[in-house]
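Below is one structure; the comments refer to it alone.
The values are calculated or read from the model by the stated rules, or taken from the named source; none is laboratory data. Everything numeric in this text was worked out from a predicted model, so none of it was measured. Reconstructed Cβ throughout: ideal geometry from the backbone, glycine too, with neighbour counts over all protein chains shown.
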Amino acid sequence: MWQNDVAEYCKTCDRCQKENKSTAKRLGNIIKIQEPRRPWEIVHMDWVTGLPPGGDRSYNAFLVIVDRFSKTPIFLPCHKDDTAVGTALLIWNRVVS
């Protein structure tokens, strides 16, 4: 009889419902990341933020770009509040061209 009590309690328990595999979000299919055939064909990007302002333009962040082929990193000083357009221009001017 106590087994029913446990099942009933679990139906009302918020934590049990969130961790229940039958109600959890489904993950997408795992696919293999393509291997690059030449340098700078595939890159990884991430930001390092929360830095004290530095340099003549008071930069407070870095955009880190890593070439997946050679593992070569590029560190671009930037501002945490830069827009998407500003970031795209930074990449275009300092990496692409």
Working only within segment 1-17, note down all residues that are among the β-branched types (Val, Ile, Thr) and at pLDDT 80 or above. 12
If we keep only residues of segment 23-64 that are touching a helix residue (DSSP H, G or I) at 6+ places or on another chain (Cβ under 9 Å) and in a loop (DSSP other than H, G, I, E, B), then the residue farthest from residue 86 (Cα to Cα) is 23
Hits in segment 53-74 - residues which are surrounded by fewer than 10 Cβ atoms within 10 Å (Cβ to Cβ) and modelled with pLDDT of 95 or more: 71
I'm checking my understanding of the structure. Among residues of segment 38-51 that are touching a Phe, Trp or Tyr at 6+ places or on another chain (Cβ under 8 Å) and among the charged types (D, E, K, R), which one is farthest from residue 62 (Cα to Cα)? 38
Subset of segment 18-39 that is of a type in the set (D, E, K, R) and at pLDDT 75 or above - its residue that is surrounded by the fewest Cβ atoms within 10 Å (Cβ to Cβ): 32
Hey, can you tell me all the residues within segment 75-91 that are part of a helix (DSSP H, G or I) and surrounded by 11 or more Cβ atoms within 10 Å (Cβ to Cβ)? 86, 87, 88, 89, 90, 91
Residue check, residue 42 loosely packed, with under 10 Cβ neighbours inside 10 Å and either modelled with pLDDT under 95 or within 18 Å of the chain's Cα centre (by Cα) (or both): no
